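Structure first, then comments.
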Amino acid sequence: MTEERWQKLTYWPLVVASLAFIAAYSWQVIANLQGPEYATMRLVMAVTWVMFAIDYLVRLGLTPKKGAWFRAHLFDLAVVVLPVLKPLRLIRAITEIQKMSRGDQLRTQAAVLAGGTVAILIWICSLAVLEAERPAPGANILNFGDAIWWAFVTVTTVGYGDLYPITAWGRIVAVVLMSVGIGVVGVVTATTASWFVERAATLSGNDDQEAATRGQVRELSRQLEAAVKGLPKGADESSPRQTRADPPPASS
């Protein structure tokens, strides 16, 4: 068993576990469950936590360079430590589905990644802030509709101020949403500008200023290398060179 094979075997089961977590967490918070139903949902969430913890420990055990692997997979550790981050695993699944259906262009992947991240974070942060604010005295976010509205205006950095968290955990969630909102605005702006520039170059028929991608440069390098290998040996030495012509002999 290798880490790559383990990842292939556990990829979609962990995606299903992420869906199960978000479904259980949503039902628990929105319905404000109590008693046996609450215990059932907490059990489902605990099972998903165990699955992610086992996956993390197995992958760490399979890799030969554990220190480098640990530093490169801090997000996976955060998913284990903070269960609320588990639904972010769905972003990877969205990206994989997009690759299979629409290709792997960087611009499209960026748009899918940004949209998926915002949608999942809005949903999860709405649940988190509602769970934190609802029992607090003097809170103004008391139902899921208010929580969704607050999450939308926060992630877009609009911030009307009609709804706001008063608890420490609620404010932490707000900071996360605002930080993500700034990043998403940058991604969307850059993606839109790139599309307009490429479209304008296509319509004008002038693509001299369009930058080549690394893949295009590598492909051109391979073609040049193949062309050089196809030349006969010593072709560069036998190629005609410019020499000074001798003057014609004088006629008698």
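Considering only region 168-177, I want to know if a residue exists there that is modelled with pLDDT under 85 and either more than 25 Å from residue 112 (Cβ to Cβ) or of a type in the set (Ser, Thr, Tyr) (or both). No, region 168-177 contains no residue that is modelled with pLDDT under 85 and either more than 25 Å from residue 112 (Cβ to Cβ) or of a type in the set (Ser, Thr, Tyr) (or both).
Of the residues making up region 73-84, not a single one is open to solvent by 90 Å² or more (accessible area, probe 1.4 Å) and at pLDDT 90 or above. Contact map, region 124-140: residues that are closer than 10 Å to residue 166 by Cβ and of a type in the set (A, V, I, L, M) paired with residues that are open to solvent by 10 Å² or more (accessible area, probe 1.4 Å) and part of a helix (DSSP H, G or I), Cβ distance under 7 Å, separation 6+ or inter-chain. Pairs shown: 132/169. Residue-level analysis places residue 30 among those that are open to solvent by 70 Å² or more (accessible area, probe 1.4 Å) and in contact with a helix residue (DSSP H, G or I) (Cβ under 6 Å, 6 or more places away or on another chain).
Against the conditions (1) open to solvent by 50 Å² or more (accessible area, probe 1.4 Å); (2) free of Cβ contacts under 8 Å to residues at least 40 places away in the same chain, residue 19 satisfies every one except (2).
With the requirement that a residue be assigned to a loop (DSSP other than H, G, I, E, B) and open to solvent by less than 80 Å² (accessible area, probe 1.4 Å), what does region 159-171 give you? Scanning region 159-171 gives 159, 161, 163, 165, 166, 167. Just to be sure, is residue 188 at pLDDT 75 or above and among the β-branched types (Val, Ile, Thr)? Here the answer is no, as residue 188 does not meet what is asked. Exactly one residue among 51, 45 is open to solvent by 60 Å² or more (accessible area, probe 1.4 Å) and touching a residue at least 12 places away in the same chain (Cβ under 8 Å), and that residue is 51.
Would you mind telling me which numbered condition in (1) on the phi < 0 side of the Ramachandran plot; (2) without any contact (Cβ under 8 Å) to a residue 24 or more places away in the chain; (3) open to solvent by 30 Å² or more (accessible area, probe 1.4 Å) residue 148 fails? Result: residue 148 passes all but (2).
Being surrounded by fewer than 17 Cβ atoms within 10 Å (Cβ to Cβ), in contact (Cβ under 8 Å) with a residue 24 or more places away in the chain and not aliphatic (A, V, I, L, M) is a description that applies to residue 13.
The values are calculated or read from the model by the stated rules, or taken from the named source; none is laboratory data. Please read these numbers as outputs of a predicted model, since none were measured by experiment. With ideal geometry, Cβ positions are generated from the backbone for all residues, glycine too; neighbour counts draw on all protein chains shown. These area figures cover heavy atoms from the full protein model, side chains too; ligands, DNA and RNA do not enter into them. Shrake-Rupley method; radii C 1.70, N 1.55, O 1.52, S 1.80 Å.
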